[in-house]
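Participant: Take this structure, written in C-alpha cells, and hold onto it; I'll ask about it next.
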Amino acid sequence: MSTSVAQRFDLWARNLMPAATTFLVAILSVVPVGFGDLAHVTPAYVMMATFYWAVYRPDLMPPTVVFVLGLLHDIVTGFPLGGGALVMLAVWGGALSQRQAFLGKPFFIAWLGFVVIAGIAQACLWLILSLYTVSIVAPLPILGQYLITVTAFPLVAWVFVRIHRYLVR
C-alpha cells in the first residue's frame, strides 16, 4: 500500500522534530533568565537538547545536524565560531557512548549523566573562550550557566519527553 503525500509529510515532520526543537532552543538561548550579576546567563538549552536526543533518538539527531545547530548557536550567542559546535559534538558523543547506561533506568540516572557531561562541556567552553581571548576568562558566568543548566534540565527534559511521546513517536 502506498503512502499519501500527507502521510509522507507527517513522517518527515516527525523525524525533523529533534532538529527543530534544538533549533528553537538555540534561538531561545539568547533570552537571559539569570538573576543579579548573572542576569545575562542563560541555561545551555542546546546542550540539553543535544544530550536528550542523543540518548533517546540518536537516529534523528546525526552528528552533522548537531554540528550545524552548534554553529547556529555560536552565531546567535557570539561564541567563537565552531568552538561551541565542537563541544556539542563532544556532548553528543558522550551521551551516545553512555546511552545504554541511561535507557530503561530512572530519570535520575540520566540526569546524573547529564550533570557529569555538562560539567566537562562547560569546562571545555571556558577553556575555548580563554584561549580565544588569550586571557583567563572569569569562571563565575560559566559556573552560573552550569548550575542553571543542570537545575533546569529536568523541566526541559520533561518538555522533550512530551514532544518525543506525542510528536516524534
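The values are calculated or read from the model by the stated rules, or taken from the named source; none is laboratory data. Owing to the predicted nature of the structure, the values given are computational and were not obtained by experimental measurement. Neighbour counts run over all protein chains shown; Cβ positions are idealised from the backbone, glycine included. With ligands, DNA and RNA removed, areas are computed over all heavy atoms of the protein, side chains included. Shrake-Rupley method; radii C 1.70, N 1.55, O 1.52, S 1.80 Å.
Participant: By accessible area of protein heavy atoms, probe 1.4 Å, what ranking do 53, 158, 111 get, highest first?
Facilitator: 158, 111, 53
Participant: At a 10 angstrom cut-off on C-beta neighbours, averaged per residue, how do the peptides 15-25, 58-68 rank from highest to lowest?
Facilitator: Listed from highest to lowest mean packing, they are 15-25, 58-68.
Participant: How much accessible surface area, in Å² rounded to 10, belongs to the heavy atoms of residue 97 with a 1.4 Å probe?
Facilitator: Around 80 Å² of this residue is reachable by solvent.
Participant: Additional query: Only four residue types carry charge here, +1 at the Cβ of Lys and Arg and -1 at the Cβ of Asp and Glu. Report the dipole size of the chain about the Cα centre in Debye, rounded to the nearest 20.
Facilitator: 580
Participant: What is the helix-to-structure angle for 83-97, meaning the angle in degrees between its Cα long axis and the longest Cα principal axis of the chain, kept from 0 to 90 and rounded to the nearest 10?
Facilitator: For 83-97 against the chain, the angle is about 60 degrees.
Participant: Taking amide H positions as placed in the peptide plane 1.01 Å from N, state which residues far from residue 44 in sequence (5 or more) or on other chains have amide H under 5 Å from it.
Facilitator: 149
Participant: Shifting gears a bit: Based on alpha-carbon centroids, what's the gap between the range 104-169 and the range 66-89 in Å, whole number please?
Facilitator: Comparing the Cα centres of the range 104-169 and the range 66-89, I get a distance of 15 Å.
Participant: Based on alpha-carbon atoms only, what is the radius of gyration of the range 58-130 relative to the globular estimate 2.2 N^0.38 Å?
Facilitator: 1.16
Participant: Report the relative contact order of the chain, percent, no decimals, based on alpha-carbon pairs under 8 angstrom and at least 6 residues apart. Numbers along the way, then the final one.
Facilitator: Working: 188 pairs, mean separation 42.6, N = 169.
The value is 25 percent.
Participant: Could you go through the range 140-148 in sequence order and give the Karplus-derived ³J(HN,Hα) for each residue, using 6.51 cos²θ - 1.76 cosθ + 1.60 with θ = phi - 60°, rounded to whole Hz, and x for Gly and Pro?
Facilitator: Karplus-based 3J(HN,Hα) across the range 140-148 equals 4, x, 5, 5, x, 5, 4, 5, 5 Hz.
Participant: Mind pulling up the Rg/Rh value for the range 130-169? Radius of gyration and Kirkwood radius, both on Cα.
Facilitator: Reported Rg/Rh, Kirkwood definition of Rh: 1.31.
Participant: Could you give me D for the range 1-135, from Stokes-Einstein at 20 °C and 1.002 mPa s, where the hydrodynamic radius is the Kirkwood radius over C-alpha pairs? Units µm² s⁻¹, please.
Facilitator: Taking Rh from Cα pairs, D becomes 135 µm²/s.
Participant: I would also like to ask the following. Given the DSSP H assignment, sum -39500 (n - 2.57) over each helix run of at least 4 residues in the chain and divide by its residue total; what's the result at 222 nm in deg cm²/dmol, nearest 500?
Facilitator: Calculated from helices alone, the mean residue ellipticity at 222 nm is -24000 deg cm²/dmol.
Participant: Could you work out how far apart the two model spin labels at residue 97 and residue 67 are, taking each label as a point 7 Å from the Cα in the direction of the beta carbon, and quote it in nm?
Facilitator: The answer from the label model is 1.8 nm.
Participant: While we're here: Where does the Debye-calculated log10 I(q)/I(0) of the range 99-160 sit at q = 0.19 Å⁻¹, using only Cα point scatterers of equal weight, no solvent?
Facilitator: For the range 99-160 at q = 0.19 Å⁻¹, log10 I(q)/I(0) is -0.75.
Participant: Something else about it: Give me the extension gain from residue 11 to residue 111: residue separation times 0.36 nm, minus the current Cα-Cα distance, reported in nm with one decimal.
Facilitator: 33.0 nm
Participant: Along Cα→Cβ, 7 Å out, is where each label goes; now give me the distance between the ones at residue 155 and residue 133 in nm to one decimal.
Facilitator: In this crude label model, residue 155 to residue 133 measures out at 2.7 nm.
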